[in-house]
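I have placed the structure first, in the form of structure tokens, so that the comments after it can refer back to it.
Laboratory data are not the source of any read-out in this text; all were calculated from the coordinates shown. Just so it is clear, the structure is predicted and the values come from calculations on it, not from any experiment. Backbone-built Cβ (ideal geometry, glycine too); neighbour counts: all protein chains shown.
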Amino acid sequence: MSANVEDELSELKLKIETHEVKCDERWKTTFNHLQDIDSRLEKLDSRQIQFGGAIILFLLGTLVTILTTAA
């Protein structure tokens, strides 16, 4: 092999290794971001269920009040 080809291979190897390191870091960042999103969605889901339960209790209370005062 000529020195020129070896230099090109070395440069290519370095670029690939650099690319792998950058991609690995990007994937870690992406996974961390996705975990944060999952956590926030779980909190929103929990709040939505609590709010729905509160509305149901309010409506039941209103219905009971209306039925007991009408009788």
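Quick one: count up the residues across the stretch 58-71 that are among the hydrophobic types (A, V, I, L, M, F, W, C) and either at positive phi or surrounded by 10 or more Cβ atoms within 10 Å (Cβ to Cβ) (or both). It would help to see each step written out before you state the result.
If we filter the stretch 58-71 for residues that are among the hydrophobic types (A, V, I, L, M, F, W, C), which is where we start, we get 58-60, 63-64, 66-67, 70-71.
Still in the list and also either at positive phi or surrounded by 10 or more Cβ atoms within 10 Å (Cβ to Cβ) (or both): 58-60, 63-64, 66.
Count: 6.
Within the set of pairs 6 or more residues apart or between chains, which connect a residue that is assigned to a helix (DSSP H, G or I) inside the stretch 8-29 to a residue that is exposed (fewer than 10 other Cβ atoms within 10 Å of the Cβ) and among the aliphatic types (A, V, I, L, M) with Cβ atoms less than 9 Å apart?
Once the first residue is assigned to a helix (DSSP H, G or I) and sits in the stretch 8-29, its partners that are exposed (fewer than 10 other Cβ atoms within 10 Å of the Cβ) and among the aliphatic types (A, V, I, L, M) give L9/M1.
Run down K43, K15 and say which single residue is under 21 Å from the mean Cα position of the chain (by Cα) and charged (D, E, K, R). Reasoning before the result, please.
Values: K15 fails: under 21 Å from the mean Cα position of the chain (by Cα).
Exactly one residue qualifies, and that residue is K43.
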